[in-house]
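Only one structure is covered here, and it is reproduced in the block below.
The values are calculated or read from the model by the stated rules, or taken from the named source; none is laboratory data. This one's a predicted model, so the numbers in the text were calculated from it and none came from an experiment. FYI the Cβ positions are ideal-geometry reconstructions off the backbone, even for glycines, and counts take in every protein chain you see.
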Amino acid sequence: MVMSKQKEAPGELEHVQAFVNTIDLEGGADELTRPDELAGWLTQRDLAPAGLVATDDDLEHAIALREALRAVLQAHNGGTGFVDGVPMRELNAAAARSNVRLQFDKTGTGTLEPEADGVDGALGRLLAIADRSAAEGTWVRLKACRDETCAWAFYDHTKNRSGAWCDMAVCGNRAKARAYRERRDAPHGVQG
């Protein structure tokens with residue numbers, strides 16, 4: 001699926017959005033099926049230096065983090081607003097593996113930075129972006145499409161944060177058609 005410019009996340013938050021969207025659940029295409037694809041994706045986004053080598057374990061860990069982030073984005077879009085269980089454990093494991101620490105610059109401004117190298121450090125950079133986005137108030141606007149067969153990450157630019165679908169013309173219309181069929185096919189009362 002190609003993301004329209006109006007649904008792209010601002011600034012570096014776009015990296016997190018693109019990471020979640022490395023798999024098209026509807027079409028089945030996955031950009032991260034081999035360790036070298038993961039390494040290439042992370043270096044192309046400047047999240048890791050050139051020459052990064054990824055392992056099968058790194059790939060497994062990255063995919064688990066991707067799905068944990070998707071669970072958070074689903075919670076942002078009409079879910080409970082909370083994430084627990086496996087997604088929460090994966091997020092915390094990724095933070096621990098990347099050894100994310102608060103670092104201060106010469107101006108006294110603190111930011112989270114991973115101390116780990118390699119894939120763990122690159123994934124830690126994604127987590128640090130999410131943290132900065134939360135502090136800026138933009139994190140909750142990054143959502144996963146409500147259409148469960150889609151779950152594509154999009155940025156909600158609506159004034160009242162009411163965006164529910166990655167594409168109203170596709171996923172929104174599907175949801176409306178489904179709701180219409182359910183209303184039409186529902187029993188209209190008990191006759192007796």
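What to note about this one:
- Boolean, Asp24 is more than 21 Å from Ala128 (Cβ to Cβ) and in contact with a strand residue (DSSP E or B) (Cβ under 9 Å, 6 or more places away or on another chain): yes
- Qualifying residue in region 6-17 (condition: out of contact with any Leu (no Cβ under 8 Å at 6 or more places or on another chain), small (Gly, Ala, Ser) and farther than 27 Å from Arg141 by Cβ): no
- The single condition among (1) within 26 Å of Phe154 (Cα to Cα); (2) touching a Gly at 6+ places or on another chain (Cβ under 8 Å); (3) not in a helix (DSSP H, G or I) that Ala75 does not meet is (3).
- Test: residue in region 123-144 that is in contact (Cβ under 8 Å) with a residue 24 or more places away in the chain, under 15 Å from the mean Cα position of the chain (by Cα) and assigned to a loop (DSSP other than H, G, I, E, B): yes
- Any hit, region 64-72, residues being touching a Lys or Arg at 6+ places or on another chain (Cβ under 6 Å) and either loosely packed, with under 14 Cβ neighbours inside 10 Å or farther than 27 Å from Asn160 by Cα (or both): no
- When region 8-47 is filtered for residues that are within 13 Å of the chain's Cα centre (by Cα) and over 15 Å from Leu69 (Cβ atoms), the ones remaining, listed by number, are Glu8, Asp24.
- Every pair of residues 6+ apart whose Cβ atoms lie under 8 Å, when the first sits in region 41-63 and is outside any helix (DSSP H, G or I) while the second is modelled with pLDDT of 95 or more and among the acidic types (Asp, Glu): Ala54/Asp36
- Filtered by the rule that a residue be surrounded by fewer than 18 Cβ atoms within 10 Å (Cβ to Cβ) and either closer than 15 Å to Asp131 by Cα or not acidic (Asp, Glu) (or both), region 73-97 gives Gly78, Gly79, Thr80, Gly81, Phe82, Gly85, Val86, Met88, Arg89, Asn92, Ala93, Ala96.
- Options Leu102, Leu38, Leu13, Leu59; residue that is of a type in the set (A, V, I, L, M), within 20 Å of Arg132 (Cα to Cα) and surrounded by 14 or more Cβ atoms within 10 Å (Cβ to Cβ): Leu13
- Only one of the numbered conditions (1) out of contact with any helix residue (DSSP H, G or I) (no Cβ under 6 Å at 6 or more places or on another chain); (2) of a type outside the set (Ser, Thr, Tyr); (3) without any contact (Cβ under 8 Å) to a residue 40 or more places away in the chain is not met by Gly78, and that is (3).
- Test result for Ala94, at pLDDT below 95 and either part of a helix (DSSP H, G or I) or touching a Cys at 6+ places or on another chain (Cβ under 7 Å) (or both): no
- Hits in region 1-28 - residues which are of a type in the set (A, V, I, L, M), farther than 10 Å from Phe154 by Cα and modelled with pLDDT of 95 or more: Leu13, Val16, Ile23
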